[in-house]
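Shown next, in structure tokens, is the structure this report addresses.
The values are calculated or read from the model by the stated rules, or taken from the named source; none is laboratory data. Note that the structure is a prediction, hence the values are computed from the model and not measured. Methodologically, a virtual Cβ is constructed for each residue, glycine included, from the backbone with ideal geometry; neighbour enumeration extends over all protein chains shown.
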2 protein chains.
Amino acid sequence: MKQQAYIDANKERFLDELFDLLRIPSISAQSAHKPDMVRCAEWLRESLLKAGAERAEVMPTEGNPVVYAERIIDPAKPTVLVYGHYDVMPVDPREEWRTEPFEPVVKDGRIWGRGADDDKGQLYMHAKAFETMVATETLPCNVKFMLEGEEEIGSASLYKWCADHKEMLAADVILVSDTSMLGMETPSITCGLRGIAYMQVEVQGPNKDLHSGLFGGAVANPANVLSKMIASLVDENGHITIPGFYDDVRLLTDEERTAFNSAPFDIERYKQNINIPDVAGEEGYSTMERTGVRPSLDVNGIWGGYTDEGTKTIIPAKASAKISMRLVPNQDHETISRLFSEHFKAIAPAGVTVKVEALHGGAPYVTPTDLPAYKAAEKAVEDTFGKKPLPFYSGGSIPIISGFEKILGIKSVLMGFGLDIDAIHSPNESYGLENFYKGISTIVKFYQYFAESK
Amino acid sequence: MKQQAYIDANKERFLDELFDLLRIPSISAQSAHKPDMVRCAEWLRESLLKAGAERAEVMPTEGNPVVYAERIIDPAKPTVLVYGHYDVMPVDPREEWRTEPFEPVVKDGRIWGRGADDDKGQLYMHAKAFETMVATETLPCNVKFMLEGEEEIGSASLYKWCADHKEMLAADVILVSDTSMLGMETPSITCGLRGIAYMQVEVQGPNKDLHSGLFGGAVANPANVLSKMIASLVDENGHITIPGFYDDVRLLTDEERTAFNSAPFDIERYKQNINIPDVAGEEGYSTMERTGVRPSLDVNGIWGGYTDEGTKTIIPAKASAKISMRLVPNQDHETISRLFSEHFKAIAPAGVTVKVEALHGGAPYVTPTDLPAYKAAEKAVEDTFGKKPLPFYSGGSIPIISGFEKILGIKSVLMGFGLDIDAIHSPNESYGLENFYKGISTIVKFYQYFAESK
């Protein structure tokens, strides 16, 4: 196969180029790195031009620029829109890194550095697969690239940018490598993402902190009240009690549940990894189902009153919490935010006043496993990894993916090659060399299968 | 009455002396003021000597010294042990003071400055009442003074010092002016103080913060669990659910309750003052009873997870709270701490581990209203204020008072002359000139009535 020969012949150069990309500290969360964002976008534009793009631009947004590139071989052929992001997470705590975060090195068969997996390593596989197909004259589809610089801070500018460039972005599928597989021996494709509704609540009692001796027992204590209100949101069976909360939840068929629960899952290892005595959750569902296909409600933060060392005898004037709910198809995050807000205010007892604010939200997303592009990805992964990949329902959220469907009307296939051990967002991020090279080969195969299916 | 004539003739000097005492910044909480503590103790020793003490000493403790003084007129006569404290609270927030905290001034009939009421103004009334009786040769009892310098930081050294000087401190009653009256038109004597058991709890889930998307719904969230555990500690009727919690609570008789609830109390003004829509508490009890004679449970502080601006999608590894219970006779704070601890651990669900720590405790205290010294105080206050004082059950705690009874076997009478408006512990502390002078007259009368009762 001439593509694989090309990849093998250019292995070292591919890695050298990725290292150049990794050396740019494109941290979107920190404004001091603004120039690095532009530098990184320019670097990618040139790289895609060299790889074979006929058009490549750094396009401004209200925030960091988007790199857009394309090669249209035949308007009658199917079009793949590649999505990725060139921004990376901050590196603190800096002292926990064993190597320089922006000076990548290879050790133990892995690439170490910020962005090695998320998402520079993964997006660069697409650039090099593209180059491979162009160079070997085997590109079977039209290709478009859309690489953003704000994924780690919420993709705020990309929604509008997509809406403004709908025609330019027209495609048959969006292909994304920004997720993980269950393991090298258990390849998987993420075909479900949960949505999210993130709320902040405040319970206000008296107009100032009160002496808990003089007033204790006669005045509603906002911290006690908040605890009681939060406690009531989930019942003893792990069901969320907000009226209407489950109305739009799609239930799995028995066959789907059986298939879902047949994925290999080691519960003892799961508990050990996070050091918990036992799992907990909604009754009647497995751990995989609880995170994959069922919604959840978690307090992400809670605070009120005196929290320093020692004692202070007060009834706090107010207490607050951040509470987020993970959503599944077909729950709508705006509806859920409204239901939460109405319910939370309704259960407030006399003696306090309650404020509720929706901080952010995103819709759940599912890739239908009978989608031609999903089937193509499945075959490509099976070719490269030797096993048919499992469909994996991740508990996490990537709000922009459902945004793409809403704005552009295009489904996404999440063919990611990361692993749990890659420590994305943490110190000592890494990415397997094998994952990088196998990823390139898999992407090349994806294009072939996808073109054939059309 | 020659004592009143003496007081009137020496009014200005009494106030000048108090001002000298108020100028010493004896803040026990701040180690920079250590020399001021000693200076203040020396000043009081000299003042008591001049007032007529036959013996006056600054006695060392493990912390700040105790000023001890006495005048024994006849071992066969009753002995009054005066307790007060010369240490004061810190002055921050400094910028909110309208005058210098340690440069007292008289304005609008009030003395303004830190310690004007708590407790320098109140303790100095005793020194001047003593001087008055000595000077007018009308002292009818033996008098002992015990003035400590650590009340505002928990009286830590006084317990041992009392135990070490039991014989020297022998007395028929301890007389204390360190509390308030309901009002000038509603004189009262504090005859009940609640005890306290102050706990800190921690609920630990996973060994690190988890991604709330990947794990949400499958792992016990310590912040949700803590909320549920706290919520369960008080039922919907305001009863505390800890098994055995009420076992030792003394119930009031119907007559006691009727008397108790006949004290004037304006619930609308109460709600307005602290700006709450409604009061709340244990069903079947009035607001005065809820704070005066019933125990309570309050969260004083709660914290866990992400509490800054914006959102962070985590399941916090742990969540904590400070929880204190106010206790009434005959609850024992050590028993209650133990019951709380056992119960809190027992209700922890699988999936978390729980730590409970008792931070501090103190016993409740009650002055029997048929005590001769209480009767003497009642008559003295009625003489000076024109109305029989109401027995008042304060919700607050002064742990050293029950300590005195335990260590020395002596009951205390809490004949305080402060008012709510004095803003003790706050900026712009003040004390009414009228309260100061009426206090001196009342104390003189107390000694007469108390001597007559014996």
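Quick notes
- Filter pass, residue B:403 being outside any helix (DSSP H, G or I), under 28 Å from residue A:312 (Cα atoms) and not charged (D, E, K, R): no
- Residues of segment A:208-222 satisfying the condition of being more than 7 Å from chain B (Cβ to nearest Cβ) and touching a Gly at 6+ places or on another chain (Cβ under 7 Å): A:222
- Cβ-Cβ under 7 Å pairs, at least 6 apart or on other chains, segment B:365-385 side more than 21 Å from residue B:260 (Cβ to Cβ), far side among the aliphatic types (A, V, I, L, M) and assigned to a helix (DSSP H, G or I): none
- Candidate set from segment B:229-243 (those that are touching a residue at least 12 places away in the same chain (Cβ under 8 Å) and within 9 Å of chain A (Cβ to nearest Cβ)); member that is farthest from residue A:235 (Cα to Cα): B:238
- Checking each residue in segment A:362-373 for being among the aliphatic types (A, V, I, L, M) and either assigned to a loop (DSSP other than H, G, I, E, B) or crowded, with 23+ Cβ neighbours inside 10 Å (or both) picks out A:363, A:371, A:373.
- Residue in segment A:14-27 that is touching a residue at least 12 places away in the same chain (Cβ under 8 Å), over 28 Å from the mean Cα position of the chain (by Cα) and surrounded by 19 or more Cβ atoms within 10 Å (Cβ to Cβ) present: no
- For segment B:142-154, the tally of residues that are in a loop (DSSP other than H, G, I, E, B) and surrounded by fewer than 23 Cβ atoms within 10 Å (Cβ to Cβ) stands at 1.
- When residue B:292 is tested against (1) at pLDDT 95 or above; (2) buried (at least 23 other Cβ atoms within 10 Å of the Cβ); (3) more than 29 Å from residue B:225 (Cβ to Cβ), only condition (1) is not met.
- Segment A:170-183 - residue that is within 30 Å of residue A:70 (Cβ to Cβ) and of a type outside the set (Gly, Ala, Ser) and, of those, nearest to the other protein chains (Cβ to nearest Cβ): A:179
- Residue that is surrounded by the most Cβ atoms within 10 Å (Cβ to Cβ), among those in segment A:279-289 that are at the interface with chain B (Cβ under 7 Å from one of its Cβ atoms) and in a loop (DSSP other than H, G, I, E, B): A:281
Okay, residues lined up against (1) facing chain A (nearest Cβ under 8 Å); (2) assigned to a loop (DSSP other than H, G, I, E, B); (3) touching a residue at least 12 places away in the same chain (Cβ under 8 Å):
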site	(1), (2), (3)
B:185	no, yes, yes
B:190	no, no, yes
B:196	yes, no, yes
B:206	yes, yes, yes
B:224	yes, no, no
B:246	no, yes, yes
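- Any chance residue B:355 is more than 7 Å from every other protein chain (Cβ to nearest Cβ), farther than 30 Å from residue B:394 by Cα and surrounded by fewer than 20 Cβ atoms within 10 Å (Cβ to Cβ): yes
- Considering segment A:100-119, the residues that are touching a residue at least 12 places away in the same chain (Cβ under 8 Å) and part of a strand (DSSP E or B) include one that is farthest from residue A:152 (Cα to Cα), namely A:106.
- Residue identified as at the interface with chain B (Cβ under 8 Å from one of its Cβ atoms), over 22 Å from the mean Cα position of the chain (by Cα), not aromatic (Phe, Trp, Tyr) and not in a strand (DSSP E or B) among A:304, A:310: A:310
- Residues of segment A:208-219 that turn out to be of a type in the set (A, V, I, L, M, F, W, C), surrounded by fewer than 24 Cβ atoms within 10 Å (Cβ to Cβ) and touching a residue at least 40 places away in the same chain (Cβ under 8 Å), as a count: 1
- Selection within segment B:53-90 - part of a loop (DSSP other than H, G, I, E, B), of a type in the set (Ser, Thr, Tyr) and either touching a strand residue (DSSP E or B) at 6+ places or on another chain (Cβ under 6 Å) or free of Cβ contacts under 8 Å to residues at least 24 places away in the same chain (or both): B:86
- Annotation: residue B:6 fulfils all but one of (1) in contact with a strand residue (DSSP E or B) (Cβ under 8 Å, 6 or more places away or on another chain); (2) under 30 Å from residue B:376 (Cβ atoms); the unmet one is (1).
- Residue satisfying condition, being modelled with pLDDT of 95 or more and of a type in the set (S, T, N, Q), within set B:180, B:157: B:157
- Residue list for segment B:379-400, filter: surrounded by 23 or more Cβ atoms within 10 Å (Cβ to Cβ) and assigned to a helix (DSSP H, G or I): B:380, B:381, B:400
- Subset of segment A:122-152 (residues that are farther than 23 Å from residue A:61 by Cα and among the basic types (Lys, Arg)): A:128
- Any hit, segment A:238-258, residues being among the charged types (D, E, K, R), surrounded by 13 or more Cβ atoms within 10 Å (Cβ to Cβ) and under 21 Å from the mean Cα position of the chain (by Cα): no
- The residue list B:409, B:418 contains one member that is away from chain A (no Cβ under 14 Å), modelled with pLDDT of 95 or more and either over 15 Å from residue B:450 (Cβ atoms) or within 14 Å of the chain's Cα centre (by Cα) (or both), which is B:409.
- Every test in (1) part of a strand (DSSP E or B); (2) at pLDDT below 95; (3) within 15 Å of the chain's Cα centre (by Cα) is passed by residue A:359 save one, and that test is (3).
- Number of the exception - residue A:159 against (1) surrounded by fewer than 23 Cβ atoms within 10 Å (Cβ to Cβ); (2) free of Cβ contacts under 8 Å to residues at least 60 places away in the same chain: (2)
- When A:276, A:302, A:267 are checked against the criterion of being in contact (Cβ under 8 Å) with a residue 12 or more places away in the chain, buried (at least 20 other Cβ atoms within 10 Å of the Cβ), farther than 19 Å from residue A:331 by Cβ and of a type in the set (A, V, I, L, M, F, W, C), a single residue qualifies: A:302.
- Given (1) in contact (Cβ under 8 Å) with a residue 24 or more places away in the chain; (2) over 18 Å from residue B:364 (Cβ atoms), number of the condition residue B:287 does not satisfy: (1)
- Residue that is touching an Asp or Glu at 6+ places or on another chain (Cβ under 7 Å) and among the charged types (D, E, K, R), where the choices are B:318, B:322, B:312: B:318
- Residues that are closer than 16 Å to residue A:365 by Cβ and more than 7 Å from chain B (Cβ to nearest Cβ), drawn from segment A:326-340: A:327, A:328, A:329, A:330, A:331, A:332, A:333, A:334, A:336
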